[in-house]
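Working notes for the structure below.
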Amino acid sequence: RSKEDGGNVHHSYQHKLHANAEERRVLEFELRNALDSNQFYLEYQPVVDANGEHAIAGFEALLRWNNPKFGMVSPAKFIPVAEDARLIVPIGNWVLRQACADAMKWPEGIKVAVNVSVDQLTSQGFVESVVQALHDTGLPAWRLELEVTESIFVRDGGLAVQVLDRLRKLGIKLSLDDFGTGYSSLGYLSNIRFDTIKVDRSFVIGAAKGKAECIAIIRAVVAMADALDIATTAEGVENENELAMIQQFGCDKIQGYYFGRPMAFLDACALFQASVPSRSVA
Ligand code: C2E
Ligand code: MG
Ligand code: MG
Ligand code: MG
């Protein structure tokens, strides 16, 4: 983690969320050969059961970019640039294949979640590339979760619904990420069955601070999800206080620094070796 946390002259760079026009131009230039020169890697953050022993249910794959000029660049900064330059399609395809291959090294039953941008989801041949990744790695479809945000329903909503429906019929799991932060209506929930809704961290923070509006929103989201037979994951639980608050709401799963930061693939694997050897954690 040392590379990310300090010692980097461009440290302040990654903390500014949005790149300005000049930065975007330079980042785009660097992004163009980042894939070919192996500047990307994945980290994995555990997603645990909200109840019982908080067993690991799966991991979310999170893309990391270590550029020779800029050092670590935050995905919050480079993903939008990659999207605009349409580089998100080849980059996203790399993420998908790498995550599926990595997940094969974990016990059966442990899932892997991959974030998918709207431009990637609606790009020509996306479903085929997912099928190919599963085929080439041997990962069963039900162990792959694709995370999309509400933004996919704002633009080109019809096409997104079609693609999600095809993915769903293949047995792939679908998650709605950052729920409650988008601008779209709830109507799409009647057109496409999500397996999981991820309640955005902003509501978790508010609820833990006793903000009545955030508490009411989480309760309403969990009640709606239950009624629709959709599971819920609370995002970004950092401490015991937030955990205690979240546990009252009946979310099914929890993800956050409290249970584990995004970590290197080998560290994720070690979480299983540390428990009872030669026994599946599923
Ligand atoms: P996301 O999909 O909502 O991922 C969760 C983000 O929250 C991650 O940030 C994770 O490190 C952070 N997080 C998790 N637990 C906590 C916590 O307890 N406290 C706090 N403060 N943060 C927490 P990260 O890795 O910087 O990624 C940011 C976003 O970039 C992701 O948000 C996702 O939208 C996007 N992203 C990351 N990897 C990919 C990718 O492969 N493809 C695409 N299209 N987008 C990606
Ligand atoms: Mg996500
Ligand atoms: Mg999220
Ligand atoms: Mg979020």
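The values are calculated or read from the model by the stated rules, or taken from the named source; none is laboratory data. Being a predicted model, the structure only gives us computed values, none of them experimental. Cβ atoms come from the backbone with ideal geometry, glycine included; neighbour counts cover every protein chain shown. When the accessible area is computed, the model is the full protein with side chains, heavy atoms only, and any ligands, DNA or RNA have been set aside. Shrake-Rupley method; radii C 1.70, N 1.55, O 1.52, S 1.80 Å.
Once you keep just the Cα pairs under 8 angstrom separated by 6 or more residues, what percentage relative contact order results for the range 128-197?
Reported as a whole number, the value is 36 percent.
Could you give the Stokes-Einstein D for the chain in µm² per second, using the C-alpha Kirkwood radius, 20 °C, 1.002 mPa s?
Answer, rounded: 109 µm²/s.
So for the pair VAL131, MET224, with labels modelled 7 Å out along Cα→Cβ, what separation do we get in nm?
Roughly 3.4 nm, to one decimal.
Using the Cβ atoms and a cut-off under 13 Å, what net charge is assigned to the surroundings of THR181, where Lys and Arg are +1 and Asp and Glu are -1?
It works out to a net charge of -3.
7 Å from Cα along Cα→Cβ at both ALA85 and PHE29: what's the point-to-point distance in nm?
1.0 nm
Quick one: what are the phi-derived ³J(HN,Hα) couplings along the range 233-247, Karplus 6.51/-1.76/1.60 with θ = phi - 60°, whole Hz, x for glycine and proline?
Whole-Hz 3J(HN,Hα) from phi for the range 233-247: 10, 8, 8, x, 7, 9, 8, 4, 4, 5, 5, 4, 5, 5, 5.
Accessible area per residue, 1.4 Å probe, Å², for the range 129-173: what's the number?
Per residue, the range 129-173 has 47 Å² of solvent-accessible surface.
Output wanted: per-residue J couplings in Hz (rounded whole) for the range 184-195, from phi through Karplus 6.51 cos²θ - 1.76 cosθ + 1.60, θ = phi - 60°, x for Gly and Pro.
8, 7, 7, x, 4, 5, 8, 9, 9, 8, 8, 7
Just to verify a number: FRET efficiency for ALA212 and ARG166, C-beta to C-beta distance, R0 = 45 Å, to 0.05?
0.65
Counting only residues 5 or more places away or on other chains, whose amide H sits under 5 Å from the amide H of GLY58 once H atoms are built in the peptide plane?
VAL47, LYS111
For the pairs LYS111/LYS211; LYS169/LYS198; LYS77/LYS209, note any where the Cα-Cα span goes beyond 30 Å.
LYS111/LYS211
From the phi angles alone, apply the Karplus equation (6.51, -1.76, 1.60; θ = phi - 60°) to the range 217-226 and give each ³J(HN,Hα) in whole Hz, x where the residue is Gly or Pro.
Result, ordered by residue: 5, 4, 4, 5, 5, 5, 5, 5, 4, 4 Hz.
Counting alpha carbon pairs within less than 8 Å and at least 6 residues apart, what relative contact order, in whole percent, applies to the chain?
19 percent
Need the list of aspartates and glutamates near LYS105 for cross-linking: C-alpha distance under 17 angstrom, and skip anything on the same chain fewer than eight residues off.
Within reach: GLU43, GLU60, ASP136, GLU145, ASP267.
Leaving out ligands, DNA and RNA, and with a 1.4 Å probe, what % of the accessible surface on the chain is carbon or sulfur?
The C+S portion of the solvent-accessible surface of the chain is 53 percent.
Kindly provide the helix-only [θ] at 222 nm of the chain, computed as the sum of -39,500 (n - 2.57) over DSSP H runs of four or more divided by all residues, to the nearest 500 deg cm²/dmol?
Estimated from H runs of four or more residues: -12000 deg cm²/dmol.
Testing the spin-label approximation: label points 7 Å from Cα along Cα→Cβ at GLU238 and GLN124. State their distance in nm.
4.5 nm
Kindly identify the range 69-196 as rounded, prolate or oblate by the Cα gyration tensor criterion: order the square roots of the eigenvalues as a ≥ b ≥ c, call it rounded if a/c is under 1.5, otherwise compare a/b with b/c, prolate if a/b is larger, else oblate. Before the final figure, lay out the partial values.
Details: a/c = 1.57, a/b = 1.07, b/c = 1.47.
Cα axes put the range 69-196 in the oblate bin.
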